[in-house]
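Everything on this sheet refers to the single structure shown next.
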Amino acid sequence: MSVTAATLASIAVTPANLSIAKGQTQQFTATGTFSDGTTQNLTSTATWSSSASTVATISTAGLATAVGNGSTTVRATSGSISGSTTLTVTAATLVSVAVTPANPSIAKGKTQQFTATGTFSDGTTQNLTGTATWNSSAVTVATINAAGLATTTGAGSTTIQANSGSVSGSTTLTVTPATLASIAVTPANPSIAIGKIEQFTATGTFSDGTTQNLTSTATWNSSSTTVATINSTGLATAVGNGSTSIQAISGTISGSTTLSVASGVPVLVSSARGSSSTGHRNGTVSFSSASGAGDTIVLFLRFGGATVSRITDNQAGGSNIYSSVIGPTQWGVAPNVTDRWAQVFVAKNIKGGSRLNITVALSGNSTHDIYMAAMEYSGVDAVNPVNATASRIGTVGSNGAPATGNLITTVANTKLVATSWDSNESYTSASNGAGYATNSAAGVPSISGGTGWANLTEDRTAAAAGAWNATTTSTRAVVDWVIQLVALTPAVH
C-alpha cells in the first residue's frame, strides 16, 4: 500500500461577506484545508481576483481597495481549488474633521470665523461648517454660533469643537485683552478765529466696543503749526489763516480732524450803485464781477411814496432771497416832504458764480428818485448774517448831524456797514465817524458825491462786542436825514 501526500481540498476566504466604505481597504486571508484535515495560510501564494473591479480591486497579497459602491466577489485560487466571499462597498464615510484656522489668538471683542472641513474614507473633503454642531468649552472666553462664528467674551483659552455624527475636530482659541481699534477726535472739523483756542478730545474705541478718554495720554500734533499749535493736552491755539489736520496718536492707532482758522472779519468783495428817476417803479444795481458762493449782499435803498414789492436778481438757477433787516423807515420830517422812505435788505449765503444785476420792484411809481447801494461781503455767517442793526432819522436844525443810535454787537469782529440819505440830494460827507473807511479794492470805493448820493457808504470792523454807532459829518447844510447801520456777523466767531 502506497501513501500519497495530502491534497488541497478547499480554500476559505476571510473575513466572510464583509461590508466596507468606499475608499477603505480590506486585507483578506486565504486558508487552505487539505485532505488530511490540516490547514495552511495560502494568502501569499494564492491568485486573487475581484469579479467587479469598479467596486473593488485586490492586490496579489489579498489587499482589497474599495473604489465604488456595490458588491464584488473576492476569490482566492490555488491550482484548481478556489474559495470566495462577497465584499460589499458602501458610500464613503466621514473619517475626520479639521477645524481651521488652527490655534488662533484674537483680542477680546473681536470675532473669529471657523471652518470645519471633513475628510472622507475615499480621500475626498467637504466643507461641513454649516452642518456641523459647534461648541466652545469655555463660554466665558468665547461663544460660537451655529455657523462657526466665535465671539470673544473674556481673556483666556477655549476649545472650539465641530461635531458631525460621531466624528469631531477641534482647535484652541486664545483671547487676549481688548485692544485699541480707533480714535475719534472731537469736535469734528471746527472753525475758529485767529487768536482763539479750541479744546480737542480723543476718544478711543476698543475691540470689545468699550470707549476711553485718551485726551491726556495721546500724542497730539498739528500738520501746520503756522495755522494752529496744539499742546500735550489737546488744546489748540489758532495763529494764522488756513486749515490744519489735528491728530491724536496712541501706539499705532491715530485719529484726526480738520481745524479751519480765519481772520474772523467779513471782507468787502465788491460794491455797486444804481438809480432810477422819479416816476419809475423799478430800479437796478449791477455788480461788475461774478459773485462768490456763500457771500452776503447788503442792499441800501432810498425811494418815495411806495413800498418794496419784491427784489430779485439774475442768479443762475434762481434768484437769491433778499430779506428786510431795517425799515421801511419814513424819514422826511414835516413840514418838509414826508414821503421819503429808506430800507435795508440782506441776501445771505448766496449761490455765487453770476455777475449779479439786482432789480427792485416797488408797489407803485416812486415819488422820488430811487437810489441803491449794494455791497458784497465774504466771511459772513451763512445762517445768521446780521448781528445787530441801528437806524435814526432827524433834521440838522433839531437833531444835529446825522447819527445812529447805538447798536449792541454780541460777538467780536463784526463788520459795521453805514449809509445815510438826506433831503438836500447834493451834499457830500467827510466820514461816517472814526474808524469808518472805504475800500478801494472793492471796485467802487465810495458811493457818494453827486445828486442823490448823500454820503459815503463805509464800513469798519468792530473788534470787540459792545455798543457801536455811526455819524455823518456834513460838508453843507442838510435838512432831513436818515442814517442806517448794519453789523455783519463773521463766519468764524
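Among the residues of the stretch 136-169 satisfying the criterion of being surrounded by fewer than 16 Cβ atoms within 10 Å (Cβ to Cβ) and farther than 22 Å from F206 by Cβ, which is farthest from the chain's Cα centre (by Cα)? Top of the filtered list is S166.
Inside the stretch 241-256, residues that are among the hydroxyl-bearing types (S, T, Y), within 23 Å of D381 (Cβ to Cβ) and open to solvent by 10 Å² or more (accessible area, probe 1.4 Å) make up a count of 1.
Residues that are modelled with pLDDT of 95 or more and open to solvent by 40 Å² or more (accessible area, probe 1.4 Å) within the stretch 171-185 comprise T172, T174, S182, A184, listed in sequence order. Identify all residues within the stretch 365-381 that are hydrophobic (A, V, I, L, M, F, W, C) and over 14 Å from K415 (Cα atoms); write none if there are none. Within the stretch 365-381, I370, M372, A373, A374 qualify. Of the residues screened, V227 is not one that is on the phi < 0 side of the Ramachandran plot and at pLDDT 95 or above.
Checked against the criterion of being exposed (fewer than 14 other Cβ atoms within 10 Å of the Cβ), at positive phi and in contact (Cβ under 8 Å) with a residue 60 or more places away in the chain, the stretch 37-49 contains not a single residue that satisfies it. Of the residues making up the stretch 110-135, those that are within 36 Å of the chain's Cα centre (by Cα) and closer than 17 Å to T158 by Cα are K110, T111, Q112, Q113, F114, T115. Filtering the stretch 336-389 to residues that are among the hydroxyl-bearing types (S, T, Y), open to solvent by 20 Å² or more (accessible area, probe 1.4 Å) and within 22 Å of S286 (Cβ to Cβ) leaves T359, S378.
Cβ-Cβ contacts under 7 Å between residues 6 or more apart (or on different chains), taken from a first residue in the stretch 97-122 that is on the phi > 0 side of the Ramachandran plot to a second residue that is part of a strand (DSSP E or B), are listed as N103/T171; N103/T172; G109/T152; G109/F206.
Of all the numbered requirements in (1) touching a residue at least 24 places away in the same chain (Cβ under 8 Å); (2) surrounded by 16 or more Cβ atoms within 10 Å (Cβ to Cβ), T72 misses one, and that requirement is (1).
Residue-level analysis places T33 among those that are part of a strand (DSSP E or B) and either touching a residue at least 12 places away in the same chain (Cβ under 8 Å) or within 30 Å of T4 (Cβ to Cβ) (or both). Within the stretch 223-240, if we keep just the residues that are open to solvent by less than 20 Å² (accessible area, probe 1.4 Å) and assigned to a strand (DSSP E or B), the residue that is farthest from G109 (Cα to Cα) turns out to be A238. Pull up the stretch 192-218, narrow it to residues that are assigned to a loop (DSSP other than H, G, I, E, B) and surrounded by 14 or more Cβ atoms within 10 Å (Cβ to Cβ), then point me to the one that is nearest to the chain's Cα centre (by Cα). Of everything passing the filter in the stretch 192-218, F200 is nearest to the chain's Cα centre (by Cα).
Restricting the search to strands (runs of 3 or more DSSP E) fully inside the stretch 336-378 and requiring at least 1 residues that are modelled with pLDDT of 95 or more gives 340-347, 357-362.
Applying the selection to the stretch 204-224, what residues are at pLDDT 95 or above and of a type outside the set (S, T, N, Q)? Within the stretch 204-224, G204, L214, A218, W220 meet the criteria. Inspect the stretch 246-258 for any residue being in contact (Cβ under 8 Å) with a residue 24 or more places away in the chain and either among the charged types (D, E, K, R) or within 30 Å of G364 (Cα to Cα) (or both) and give the result as yes or no. No; the residues of the stretch 246-258 include none that is in contact (Cβ under 8 Å) with a residue 24 or more places away in the chain and either among the charged types (D, E, K, R) or within 30 Å of G364 (Cα to Cα) (or both). When G304 is tested against (1) among the small types (G, A, S); (2) without any contact (Cβ under 8 Å) to a residue 24 or more places away in the chain; (3) over 26 Å from T414 (Cβ atoms), only condition (2) is not met.
All conditions but one from (1) of a type outside the set (A, V, I, L, M, F, W, C); (2) open to solvent by less than 50 Å² (accessible area, probe 1.4 Å); (3) part of a loop (DSSP other than H, G, I, E, B) apply to G327; the one that does not is (3). In the condition set (1) at pLDDT 50 or above; (2) in contact with a Lys or Arg (Cβ under 8 Å, 6 or more places away or on another chain); (3) open to solvent by 20 Å² or more (accessible area, probe 1.4 Å); (4) not charged (D, E, K, R), G435 is compliant with all but (1).
The values are calculated or read from the model by the stated rules, or taken from the named source; none is laboratory data. Bear in mind the structure is a predicted one, so any value in this text is a computation, not a measurement. FYI the Cβ positions are ideal-geometry reconstructions off the backbone, even for glycines, and counts take in every protein chain you see. Protein only, heavy atoms only, side chains kept; ligands, DNA and RNA dropped before computing areas. Shrake-Rupley method; radii C 1.70, N 1.55, O 1.52, S 1.80 Å.
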